Amino acid sequence: MESNKKSRGELQQTFLNPEKQRGKAQKQKQEDKTHSIFPSTLTHKSYLLLKRSLCWLRLGQVKHALSDAKVCRELKPDWPKECFREGAALHLLQRFDKASNAFYERVNQGDH
């Protein structure tokens, strides 16, 4: 148990060192920002899939983009961008009826 205790000098150095305190405060602010942007792991994964879908679209890898958009849409069906990404991929694959449905769902969700 004594191995967990810090000496008085270590404690003073930890609490009285302004650089260390500033670093901790900055790290905490960054963590708070991250949690406000990505409140859960599920949201974080959805966000990454959404961005990767866009990258696939820009690279011309439409099937990969569609796959990521569909998975993202299953994880977070209330996000309107997924409908748009899926619609864009379907449009490029010339599946116009399915693309129009995806775009229509996006319009019905409104602005988020």
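Nothing in this text is a laboratory measurement; each read-out follows from the coordinates by a stated rule. As the structure is a computational prediction, the values presented were derived from the model and not from experiment. Note: ideal-geometry Cβ built from the backbone for every residue, glycine included; neighbour counts use all protein chains shown.
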Value of relative contact order over the stretch 41-109, rounded to a whole percent, pairs C-alpha under 8 Å and six or more apart | 28 percent
Could you give the Stokes-Einstein D for the stretch 41-109 in µm² per second, using the C-alpha Kirkwood radius, 10 °C, 1.306 mPa s?
-> 139 µm²/s
About the Cα centre of the stretch 41-109, how large is the charge dipole given +1 on each Lys and Arg Cβ and -1 on each Asp and Glu Cβ? Please answer in debye to the nearest 20.
-> 240 debye
